[in-house]
Amino acid sequence: MSIFRAVENRKPLVRAANTGISGFIDATGKVLKKTGLFKETYITDDILINNDISFYTRFGDLFSFLNIIFTVLLYMKLLSKVGRTQKY
């Protein structure tokens, strides 16, 4: 899930988990370094901070809402077309 968050926002991500896998993920989703599961250790790395702003960061769930509206309008059009072609 952390890889998707890094790509979605176009930002590097540092994940620190007490009982899971910790690591460094770059803005493209590539895992740079990681620890093992349930390993008591630490890792360090340099990360590059960028000023890129992704579509999702700027507009949030706008794309999802537009898809919902489009689907509802398409469904309504199909229903009206079916209603006109039925004979009683």
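The values are calculated or read from the model by the stated rules, or taken from the named source; none is laboratory data. Quick caveat: nothing in here was measured; it's all calculated off a predicted structure. Glycine gets a Cβ as well: all are built from the backbone with ideal geometry, and neighbour counts include every protein chain shown.
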Requested in this report: For the stretch 5-17, state whether one or more residues are surrounded by 15 or more Cβ atoms within 10 Å (Cβ to Cβ), free of Cβ contacts under 8 Å to residues at least 40 places away in the same chain, in contact with a Lys or Arg (Cβ under 9 Å, 6 or more places away or on another chain) and part of a loop (DSSP other than H, G, I, E, B).
Outcome: no
Query raised in the report: Any chance the stretch 59-82 includes a residue that's at negative phi, touching a Phe, Trp or Tyr at 6+ places or on another chain (Cβ under 9 Å) and either surrounded by fewer than 10 Cβ atoms within 10 Å (Cβ to Cβ) or not assigned by TED's automatic domain parsing to the domain that holds K11 (or both)?
Result: yes
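Restricting to the stretch 43-88, name every residue that is farther than 30 Å from A27 by Cα and assigned to a loop (DSSP other than H, G, I, E, B). So that I can check it myself, show each step before the final result.
Narrowing the stretch 43-88 to residues farther than 30 Å from A27 by Cα: 69-88.
Answer for the stretch 43-88, where residues must be farther than 30 Å from A27 by Cα and assigned to a loop (DSSP other than H, G, I, E, B): Q86, K87, Y88.
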